[in-house]
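Working notes for the structure below.
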Amino acid sequence: MPAESTPEPGIPGEPGTSAPRQRGKGRRRKARSTRRKALLITAWTAAGVVVLGGTGAGILYFKLNGNLKNVDINGALGTDRPTKVDNGSENILVLGSDTRSGSNKKLGGGADDGSARSDTAMIVHVYKGHKKASVVSIPRDTLVERPSCTDPEGVTHDAASGVMFNSAYSTGGAACAVKTVESMTGIRMDHYLEVDFSGFQKLIDDLGGVDITTTKDISDPDSHLHLKAGRHTLDGEQALGLVRTRHGVGDGSDLGRIQLQQAFIKALVQQVKDVGVLTSPKKLYDLADTATKTVTTDSEIGSVAELASFADGLKGINSSRMTMVTMPVQYDAADANRVLVDKAKSKLVWDALKNDRAIPAAATKGTATGSAKGVVTS
């Protein structure tokens, strides 16, 4: 999977290779306030990481705090985890949940079977100084070794081999997803953010939409998305369709969908930094209210004040300083609908992040890639 941007030498920029395959159906301005410190909470979602907005004081803190949901990842996983690397960097696991319950059923399609999976998964590595970031997408269809996990009800599930990555979340919730990622990468996740379908849609609507350009027509009845080639301002429903579509463009693969997601996230991050939400108190409140209802976090950033402090450290990162790659994988010769971790190349990615370095170009050269690069631009 190629990088979508190359802000500095040494970050991948060469396209990978892809094998023919047949897929079956399936599956965020500088604040101008003279009275109070501006709060820019960035959350890249689904997609990704999402950006929230609010003021540093006096904007119904109690209500906003009441909106937030959090998970005690540290408590759930205990001490059997990778050691935190004390080099000034941070690693955040961002998940988009594809539960089909409640309002998410209409938005996401599919059946409400009482379960949920990590429809979108990204490791966001924020480099020392918090001026740039690398985002590594994990394909949901990757076959992985899942460690034993204890779910939120206290039931322990045995380790499993050769299971899809997104099943970790459905098996043991957020803690199991984090444990699986840490087991795969050897990197401790400092924070966790999760976004759901309906919250993502409303957040985009509260932002006033996101501007993108499509270089090809996209039509996918499964994700309810129909766009002609050209310039668009996507509303929430269209944005959700875009980050979920896999049959509307390219080869129908999850890797192609990831390419669309990465392009959309860059457009979202840039737009949030450009939009003047602080000039409108109502817009500001609506955005903060929606965002705090939308995300589930780890307990260390489980209050508005903590989330604000965390996000304040991210506000210097704009879209031109975000490098986006996909975890190196190869197509599974036994099943065209699955991919396998390229362990040697993935190790180059994880070693770079552990040492707070740029991901080398060699890490993604010759790995599997989708065919939707360049279809969406900002």
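A few comments on the model shown:
- Heavy-atom accessible area, probed at 1.4 angstrom with all protein chains present, ranks Tyr192, Tyr285 as Tyr285, Tyr192, highest first.
- Using a probe of 1.4 Å on the protein chains alone, the accessible area found for Val272 is around 10 Å².
- Of His226, Thr213, His247, farthest towards positive along the dipole that unit charges on Lys, Arg, Asp, Glu beta carbons give the stretch 201-268: Thr213
- Largest-first ordering by accessible area, 1.4 Å probe, given options Arg321, Arg338: Arg321, Arg338
- The heavy atoms of Val144 present about 10 square angstrom of accessible area, all protein chains included, probe 1.4 Å.
- Per-residue accessible area (protein heavy atoms, 1.4 Å probe) orders Asp158, Asp351 as Asp158, Asp351, starting from the largest.
- Applying both filters, DSSP loop and at most 12 other Cβ atoms within 10 Å, to the trypsin sites (Lys or Arg not before Pro) of the stretch 204-271 gives Lys228.
- The solvent-accessible area of Ser299, taken with every protein chain present and a 1.4 Å probe, is close to 50 Å².
- Computed over the stretch 120-261: relative contact order in percent, which uses C-alpha pairs under 8 Å that are six or more apart: 15
- Along the stretch 326-333 the Karplus relation, 6.51 cos²θ - 1.76 cosθ + 1.60 evaluated at θ = phi - 60°, assigns HN-Hα couplings of 10, 3, x, 9, 10, 5, 7, 4 Hz to successive residues, with x for each Gly and Pro.
The values are calculated or read from the model by the stated rules, or taken from the named source; none is laboratory data. Please read these numbers as outputs of a predicted model, since none were measured by experiment. All Cβ positions, glycine included, derive from the backbone under ideal geometry; neighbour counts span all protein chains shown. Ligands, DNA and RNA are excluded from the accessible area calculation, which covers all protein heavy atoms including side chains. Shrake-Rupley method; radii C 1.70, N 1.55, O 1.52, S 1.80 Å.
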